[in-house]
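Before any comments, here is the structure.
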Amino acid sequence: MATALITGASAGLGLEFAWQLATARHDLVLVARDEERLERVAAQIRAAAGVRVQVLPADLSVPDDVARVAARLALVEPEDRPVGLLVNNAGYAVHQRFVGGDVDAEVTALDVMVRAVLVLSHAAAGQMTERGRGAILNVASVAALTASGTYSAAKAWVRTFTEGLAVELRGTGVTATALCPGLTHTEFHERAGIDYTQLPEVAWLNADRVVAAALADVRRGVVISTPSLRYRLASGLLRVAPRAAVRAFEGR
């Protein structure tokens, strides 16, 4: 039975990853800041799915906490089971303008969505390549192809980093996948204070389908996973559109 470690596991896509992986009989290591919420989720999953669930509270903007999660991935403690799937899911949008905004909030978000992804991917890739098997799934976004501020920039880094990691991992038995979903029904936008209620329902994806598509792509070794035909088409248009046009659209 394989073990999966999921960051941002107490809500949104992370919680959906936890349930789908548990249903598929994976043991879990759940990482998030809210220990009480994590313990509640862990108890529910243990009761419903009968798998082992380890709770690892951590704030991924804090280097010492990231180091603790990295140590779990690197099998520092000999009694730990190896992690066969790392899901770097933790992330959020800072809903402010960059110029004149709180730079500390931006740095904290960067630490969670960039630095933690780098450190944890490094730890996971090391032990996975030694064993000759494993997978790393980094949650990026279709926003990586837009010009919507620092969130887009962070997710563009995740996408490009994952592509480079996939190239380096060829022939090792370990894969790297960047998940690039579009708008998805989760707590993400509410927590960020972003109002998208004016958008039609057709623009939205359901978390269960996003996660199912991502896990299917991981099993096939797909490097860029973009769930749904409409967002694959949108991503294709964004890749070929002149960047001046993309910036002009964002400006509106």
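The values are calculated or read from the model by the stated rules, or taken from the named source; none is laboratory data. Predicted model only: the values in this text are computed from it and were never measured. Please note: Cβ atoms are built from the backbone with ideal geometry, for glycine as well, and neighbour counts cover all protein chains shown. Ligands, DNA and RNA are stripped out before the accessible areas are found, and what is left, the full protein with its side chains, is counted by its heavy atoms. Shrake-Rupley method; radii C 1.70, N 1.55, O 1.52, S 1.80 Å.
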With a 10 Å radius around each residue's Cβ, average the other Cβ atoms per peptide and rank 76-84, 146-154, highest first.
-> 146-154, 76-84
Evaluate E = 1/(1 + (r/R0)^6) for residue 229 and residue 160, where r is the Cβ-Cβ distance and R0 equals 22 Å; express this FRET efficiency to the nearest 0.05.
-> 0.40
Expressed in square angstrom to the nearest 10, the accessible area of residue 95 with a 1.4 Å probe stands at 120 Å²
Between region 213-252 and region 63-114, what is the C-alpha centre distance in whole Å?
-> 24 Å
Keeping all protein chains in position, work out how much accessible area residue 157 exposes to a 1.4 Å probe, and write it in Å² to the nearest 10.
-> 80 Å²
Pop out the carbon and sulfur fraction of the accessible area of region 27-95 as a percent, whole number, probe 1.4 Å.
-> 48 percent
Residue among 8, 88, 69 farthest towards the positive dipole end of the chain, charges placed on Cβ | 88
Helix 229-240 sits at what angle to the longest principal axis of the chain, using alpha carbons and giving 0 to 90 degrees rounded to 10?
-> 60 degrees
Here the gain from full extension of residue 67 to residue 118, 0.36 nm per residue of separation minus their alpha-carbon distance, amounts to 17.2 nm
Apply the Debye scattering formula to region 2-112, with a single equal point scatterer on each alpha-carbon and no solvent, then give log10 I(q)/I(0) at q = 0.17, 0.18 Å⁻¹.
-> -0.78, -0.86
For residue 33, list long-range residues whose amide hydrogen, built 1.01 Å from N in the peptide plane, is under 5 Å from its own amide hydrogen.
-> 58
Per the helix-only model, the chain has a calculated mean residue ellipticity at 222 nm (DSSP H runs of ≥4, -39500 (n - 2.57) each, divided over all residues, rounded to the nearest 500) of -15000 deg cm²/dmol
The answer for region 3-251, accessible area per residue at 1.4 Å probe in Å², is 49 Å²
Hey, got the dipole for region 3-251? About the Cα centre, +1 on K and R Cβ, -1 on D and E Cβ, debye to the nearest 20?
-> 1000 debye
Of the labelled options (1) 180; (2) 129; (3) 111, which one gives volume of the Cα convex hull per residue in Å³ as computed for this structure?
-> (2)
